[in-house]
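Report on one structure; see the data block that follows.
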Amino acid sequence: MPPQRGDNPTMITLLYFARLREALGTGREQLALPPAVMTLAGLRVHLAQRGAAWATEMAEGRNLRAAVNQTVVAADAPLSDGDEVAFFPPVTGG
């Protein structure tokens, strides 16, 4: 069984930028994390389970960047109560 959080809900703020904001129909939301969701990768899986555009945008192979508390992090980054998680497409320049 995977590790889980305690009884108190872990609340995070999610921010979506660029194409994600358009596809998902929102730029911001508050979310109580399920006890089993402890990392950024777990959060993406959880969000993809919402289906439709969520499944497409949060799919495992989808090129997507993320930051926790304004620091770009890897998929195994842990999530804590009060974190701000931002999802955005990779930036291309030219």
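Each value in this text was obtained by applying a stated rule to the coordinates, not by laboratory testing. Please read all numbers here as calculations on a predicted model, not as lab measurements. Here the Cβ positions follow ideal geometry from the backbone for every residue, glycine too, while neighbour counts run over all protein chains shown.
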Checklist outcome for this item: For residue 69 and residue 23, extending 7 Å from Cα along the Cα-Cβ vector and measuring point to point gives, in nm, a value of 2.8 nm
Next on the checklist: Taking θ = phi - 60°, what integer Hz values does the Karplus form 6.51 cos²θ - 1.76 cosθ + 1.60 yield along region 68-80, in sequence order, with x for Gly and Pro?
Outcome noted: 10, 6, 6, 10, 5, 10, 7, 4, 8, 4, x, 10, 10
Item to check | From phi via Karplus (6.51, -1.76, 1.60), per-residue ³J(HN,Hα) for region 45-58 in Hz, x at Gly/Pro | outcome: 4, 4, 5, 4, 5, 5, x, 6, 4, 4, 4, 5, 6, 9
Checklist outcome for this item: Two pseudo-spin positions, 7 Å from Cα along C-beta at residue 48 and at residue 62, lie apart in nanometres by 0.9 nm
Item to check | region 16-94: relative contact order in percent, alpha carbon pairs under 8 Å with at least 6 residues between | outcome: 35 percent
Item to check | Magnitude of the charge dipole, the chain, Cβ model with Lys/Arg +1 and Asp/Glu -1, debye to 20 | outcome: 260 debye
Checklist entry - Among the DSSP beta bridges whose two residues both lie in region 10-88, what percent are antiparallel, rounded to the nearest 5? => result 75 percent
